[in-house]
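Below is one structure, written out as structure tokens; the observations come after it.
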């Protein structure tokens, strides 16, 4: 079965392009022949029922699957024309260019300041104290967290509330100035108010970074994204503008899922 | 249908049978708690008995029998100027001036000849050391408390010959013989006379040995644990290594002594009885404990922290040293405490490599002959005589205090590094 791509989806400006990507965990095929263009100026949402492979596919985009010894990736993924699995691509550099925010907020057990400053420090982006200070402030402002934490930057990052921790993780990701930000169900552990703040933040960041978000909430996908891909059983079933996917799905499975028949 | 069947007998959780079962459940919980509480009380009682017994016996070990001897320096003709007293031959110079005879003379005068004969034959050295420490004291009369002989000390404890007991009782009643706190016990080394023994030689030997053990076992153990957890591929070879390390932790300690004898003393034949060899032998024993504890601590670091660090572009080495190791350190230190405490109390392997030798001077360094606290305790416990029984208890107290200090330091470090996530 081939992915249905909506006809009125213009494919210019692809920041990342995956071509015929399959992912195996040992013998098990988790992702089957997925091809997709990730646009640079939009938010792309991956939706689908649990276990459909959307998170697995997301993790191939910055090679986080490398940490799982049994995982194997076939096909090609390019970032600005460079093959990210090619020998010329350094994985550390790739992850600095393609940042990631996880399902459960995972701040380092360090101060808020050190959480943000860690990335710039290891990459040598900030040499002096005032440069680091500037990056920390800029990142926290962009993540909408500055006003809440500016008086307690030296407190532990783990002492913040769940929603604040997740925004701290987003700030940590943007501190190294990435080109793409991957978000793996960033709101699934948060309450509705914190979720609303994160969604607002995604909206603000979308012009500056290419954002890919995995979500199991269709409402969230409809609210924050401009492109939506529907995954089912390891395959990408349908891909198009979010409005098209939600109002005018072509595949029956997509229609069943978004009308709540399963998932 | 089925709903009806359940309702016919009334709600099953409201019957008397259910209440009886509930009572039984509570009773079994009470029994379990009682059993647990009595286990704790039993251990506490044993601990208190042990520590109490040691303290009561050991207090005597920190004391020694001393005779009161006033010495009138101006009329003795001893000369000691500050310059000559600061040289290394000062004690010999005093001996040449006849200090031993002078001490004996004043002892005869003060105590009578019978009692003065029971002055320890090294007593004059105590006077000499006092003069060296402060030459000014020879300008006037000075009272000394000098070590008594082992026989008189035994008499004071109600042991030994009748005459000696009678003499000790008479002198004690006259206030000329008393048991005083013996600072020298913490400064001297092993001797054949329980009045003259000290613990410093063994304590220093233990400290030096532990330093070697820590310096070897900690880095090797931590690096092995890190490699096995973070880098090693999961295959048959690493499994074999894992099983071997676990088995190593269970090997009886005397075997490690044999290994030390066969390997380390073969490589360094001149360092028999040295803390260097002892420390290396004990490091072999401690290392697997640190590896096992370290691996568990590293495993317990949440994967989300690793993911977070990798996702901002940290290299694997940076992930390990910036995140995994700091978070695992408290657990690693706990393993180190357990391993080091075991090494500190170990006697058997050290007997094999010659650390049971009679060493009358504290070791100068890692390569000079030494003994350690548990071996010293073992040696003294073999001696006959009441004096050594008390000294043995005192040595045990020193060992326990050393253990407490070492563990206290490690627990302090652990709490300092402990972080929550």
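The values are calculated or read from the model by the stated rules, or taken from the named source; none is laboratory data. Values in this document were obtained by computation on a predicted structure and should not be read as measured data. Cβ placement follows ideal geometry from the backbone for every residue including glycine, while neighbour counts extend to all protein chains displayed.
Collect the residues in the range B:282-309 that are surrounded by 24 or more Cβ atoms within 10 Å (Cβ to Cβ) and within 14 Å of chain A (Cβ to nearest Cβ), keeping them in residue-number order.
The answer is B:308, B:309.
Just for the range A:107-135: of the residues that are assigned to a loop (DSSP other than H, G, I, E, B) and more than 7 Å from chain B (Cβ to nearest Cβ), which one is surrounded by the most Cβ atoms within 10 Å (Cβ to Cβ)? Walk me through how you get there before you give the answer.
As a first pass, look at the range A:107-135 and keep what is assigned to a loop (DSSP other than H, G, I, E, B): A:107-110, A:124-128.
Imposing the further condition that a residue be more than 7 Å from chain B (Cβ to nearest Cβ) reduces the set to A:107, A:110, A:124-128.
On the way: A:107: 26, A:110: 20, A:124: 7, A:125: 16, A:126: 18, A:127: 10, A:128: 8.
Applying the filter and picking the extreme gives A:107.
Matching residues to (1) under 21 Å from residue B:302 (Cα atoms); (2) facing chain B (nearest Cβ under 8 Å); (3) modelled with pLDDT of 95 or more:
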position: A:69; (1), (2), (3): yes, yes, no
position: A:75; (1), (2), (3): no, no, no
position: A:83; (1), (2), (3): no, no, no
position: A:88; (1), (2), (3): no, no, no
position: A:105; (1), (2), (3): yes, no, no
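How many residues, within the range B:171-183, are free of Cβ contacts under 8 Å to residues at least 24 places away in the same chain and outside any loop (DSSP other than H, G, I, E, B)?
So the first thing to find is which residues in the range B:171-183 are free of Cβ contacts under 8 Å to residues at least 24 places away in the same chain, and the list is B:172-174, B:183.
Checking which are outside any loop (DSSP other than H, G, I, E, B) leaves us with B:172-173, B:183.
Of the residues in the range B:171-183, 3 are free of Cβ contacts under 8 Å to residues at least 24 places away in the same chain and outside any loop (DSSP other than H, G, I, E, B).
Suppose we filter the range A:150-162 for residues that are away from chain B (no Cβ under 12 Å) and buried (at least 21 other Cβ atoms within 10 Å of the Cβ); how many remain?
At the first step, the residues of the range A:150-162 found to be away from chain B (no Cβ under 12 Å) are A:150-155, A:160-162.
Add one more test, that the residue is buried (at least 21 other Cβ atoms within 10 Å of the Cβ), and what stays is A:160.
Residues that pass the stated criteria total 1.
Quick one: residue B:189 ticks every box in (1) assigned to a helix (DSSP H, G or I); (2) under 16 Å from the mean Cα position of the chain (by Cα) bar one, so which box is it?
Exception for residue B:189: condition (1).
Within the range B:58-76, does at least one residue satisfy the condition of being at pLDDT 85 or above and out of contact with any strand residue (DSSP E or B) (no Cβ under 7 Å at 6 or more places or on another chain)?
No, every residue in the range B:58-76 fails to be at pLDDT 85 or above and out of contact with any strand residue (DSSP E or B) (no Cβ under 7 Å at 6 or more places or on another chain).
Would you mind stating whether residue B:248 is crowded, with 19+ Cβ neighbours inside 10 Å, in contact with a helix residue (DSSP H, G or I) (Cβ under 6 Å, 6 or more places away or on another chain) and more than 14 Å from chain A (Cβ to nearest Cβ)?
Values: crowded, with 19+ Cβ neighbours inside 10 Å: no; in contact with a helix residue (DSSP H, G or I) (Cβ under 6 Å, 6 or more places away or on another chain): yes; more than 14 Å from chain A (Cβ to nearest Cβ): yes.
No.
Does residue B:317 meet the test of being part of a loop (DSSP other than H, G, I, E, B) and either within 14 Å of chain A (Cβ to nearest Cβ) or in contact with a helix residue (DSSP H, G or I) (Cβ under 7 Å, 6 or more places away or on another chain) (or both)?
Working: part of a loop (DSSP other than H, G, I, E, B): no; either within 14 Å of chain A (Cβ to nearest Cβ) or in contact with a helix residue (DSSP H, G or I) (Cβ under 7 Å, 6 or more places away or on another chain) (or both): yes.
It is false that residue B:317 is part of a loop (DSSP other than H, G, I, E, B) and either within 14 Å of chain A (Cβ to nearest Cβ) or in contact with a helix residue (DSSP H, G or I) (Cβ under 7 Å, 6 or more places away or on another chain) (or both).
Results for (1) crowded, with 20+ Cβ neighbours inside 10 Å; (2) in contact with a strand residue (DSSP E or B) (Cβ under 6 Å, 6 or more places away or on another chain); (3) not assigned by TED's automatic domain parsing to the domain that holds residue B:382, shown as yes or no for each residue.
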site: B:136; (1), (2), (3): no, no, yes
site: B:143; (1), (2), (3): no, yes, yes
site: B:150; (1), (2), (3): yes, no, yes
site: B:160; (1), (2), (3): no, no, yes
site: B:165; (1), (2), (3): no, no, yes
site: B:186; (1), (2), (3): no, no, yes
site: B:193; (1), (2), (3): no, no, yes
site: B:211; (1), (2), (3): no, no, no
site: B:217; (1), (2), (3): yes, no, no
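State yes or no: is residue B:341 at pLDDT 90 or above, surrounded by 21 or more Cβ atoms within 10 Å (Cβ to Cβ) and under 25 Å from residue B:249 (Cβ atoms)?
Working: at pLDDT 90 or above: yes; surrounded by 21 or more Cβ atoms within 10 Å (Cβ to Cβ): no; under 25 Å from residue B:249 (Cβ atoms): yes.
Judged against the criteria, residue B:341 is not a match.
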